[in-house]
Amino acid sequence: MITRSKFPLLLLVSAMLAACMSSTPAKPESRIDPNANIGALQTFGWQPANTNLVSTDVTQRKFDENVKSAINTDLMRKGYTMSQTEPDLLIAYDLSSYEKTKSNPFSVGLGMGSWGGNVGGGVGVGTGGGTSTTQETRLTVRAVDRKTDQEVYLGTMTGSLAPGASYSDIAGVVSQALKDFPAKRP
């Protein structure tokens with residue numbers, strides 16, 4: 001039986017749980033060319049970089065190296081071999097950042113007080129709780145069949161990626177972007 005003294009606590013816990021469940025985690029998305037036989041290909045390499053876009057910032061260059069390293073590791077784990085000369089697949093990635101506004105349409109307020117010998121309390125529940133802005137980054141990994149010059153795979157994942165991110169955070173986002181990339185067949 002819920003007593004009067006436990007009702008505000010129960011309401012508060014319920015409101016907190018509802019607030020936690022309101023945000024949905026990002027999900028990876030991918031697109032595979034149905035006519036491509038990606039698993040039959042053996043090697044991969046990087047599409048040549050546009051030298052006008054290469055950063056001179058040390059932090060940005062380290063970040064780029066970590067993203068490429070995580071992609072290399074993931075593809076090698078799937079059985080592909082890195083090749084500097086005439087690879088079967090050409091790999092490229094890009095990042096796009098944007099601000100995401102989250103709104104919390106639910107708010108709870110609790111109050112308690114006393115004056116003299118009387119004790120009183122109150123609970124307020126409202127809508128239009130407020131908004132917050134976070135920086136999101138979408139990683140897109142593309143694979144092109146070098147012989148046909150056709151894009152055979154496109155994988156994306158959204159996360160909190162930025163220069164200075166840890167290698168494990170980068171590897172986690174890369175792994176999700178390449179989740180549906182077919183493993184090499186023997």
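Excluding same-chain neighbours fewer than eight residues apart, the aspartates and glutamates reachable from residue 27 by a Cα-Cα span under 15 Å are 136, 180.
Just subtract the alpha-carbon distance of residue 69 and residue 151 from 0.36 nm times their residue separation and send over the number in nm, one decimal.
Details: separation 82, 0.36 × 82 = 29.52 nm, distance 2.13 nm.
Here the segment from residue 69 to residue 151 would lengthen by 27.4 nm.
Near residue 35, within a Cβ-to-Cβ distance under 12 Å, what is the net charge of the other residues, with Lys and Arg +1 and Asp and Glu -1? Overall, the nearby charge balance is -3.
The simple spin-label model puts a point 7 Å past each Cα toward its Cβ; for residue 62 and residue 160 those points are separated by 1.9 nm.
Taken together, the values in this text are just the output of simple stated rules run on the coordinates, not laboratory data. Just so it is clear, the structure is predicted and the values come from calculations on it, not from any experiment. Don't worry about glycine lacking a Cβ; one is built from the backbone with ideal geometry, like all the others, and counts go over all protein chains shown.
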